[in-house]
Amino acid sequence: MMRAWILPMVFVLSGAAVATGLILKGSYGTAVVLLAAFLALAGVNSPLIFPRSIGALEAQRRSAVDGRPVVFWRPGCTYCIRLRLRMGRGSRRLYWVNIWHDPAAAEAVRAANDGNETVPTVFVDGRPHTNPDPAWVREHLPPSA
């Protein structure tokens with residue numbers, strides 16, 4: 001759990017250090033802008049922007065019932081962030097599984113990617129697709145109920 005927060009905390013602490021240095025030099029405006037940028041980076045790289053993760057087995061069970069894709073992801077992954085942001089509200093219709101929280105999920109990703117934990121790995125109809133285009137994922141969402 002703590003591993004997911006390391007990168008965001010590095011951004012917050014780095015931003016605070018840079019802003020403090022700029023404030024001591026009298027550059028208040030620059031300090032505020034840079035601190036805001038570092039906080040935005042921390043927010044984007046935190047687990048907070050992703051829908052609540054569920055376990056791999058539960059996600060696969062639910063997907064078998066309703067046909068929704070299962071996304072295996074991890075915090076700090078640039079490609080996962082890109083997928084999440086480009087999916088917009090449609091991301092709520094996917095099942096998100098954090099591979100750092102679920103050993104079975106990490107194993108499923110390694111099995112699909114020649115032993116590598118390459119994410120995002122999206123399972124559609126039980127078949128893995130590594131780092132697919134968000135438009136492709138959107139096409140494979142079942143119609144809204």
> Out of curiosity, is residue 7 crowded, with 18+ Cβ neighbours inside 10 Å and in contact with a Gly (Cβ under 6 Å, 6 or more places away or on another chain)?
Replying inline: no
> Say we look at region 64-79 and pick out the residues that are part of a helix (DSSP H, G or I) and over 18 Å from the mean Cα position of the chain (by Cα); which of these is surrounded by the most Cβ atoms within 10 Å (Cβ to Cβ)?
Replying inline: 64
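Residue by residue, here is whether (1) of a type in the set (Phe, Trp, Tyr); (2) out of contact with any Phe, Trp or Tyr (no Cβ under 6 Å at 6 or more places or on another chain); (3) more than 21 Å from residue 129 (Cβ to Cβ) holds:
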| residue | (1), (2), (3) |
| --- | --- |
| 31 | no, yes, yes |
| 40 | no, yes, yes |
| 47 | no, yes, yes |
| 51 | no, no, no |
| 56 | no, yes, no |
| 69 | no, yes, no |
| 74 | no, no, no |
| 80 | no, no, no |
| 96 | yes, no, no |
> So residue 40 fits all but one of (1) closer than 19 Å to residue 80 by Cα; (2) touching a helix residue (DSSP H, G or I) at 6+ places or on another chain (Cβ under 8 Å); (3) in a helix (DSSP H, G or I); what number is the exception?
Replying inline: (2)
> Would a scan of region 94-104 turn up a residue that is of a type in the set (A, V, I, L, M), in a loop (DSSP other than H, G, I, E, B) and under 11 Å from the mean Cα position of the chain (by Cα)?
Replying inline: yes
> Here are some residues: 67, 88. Which one is under 28 Å from residue 142 (Cβ atoms) and at pLDDT below 90?
Replying inline: 88
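The values are calculated or read from the model by the stated rules, or taken from the named source; none is laboratory data. This is a predicted model, so every value here is computed, not measured. Virtual Cβ from ideal backbone geometry, glycine too; neighbours counted across all protein chains shown.
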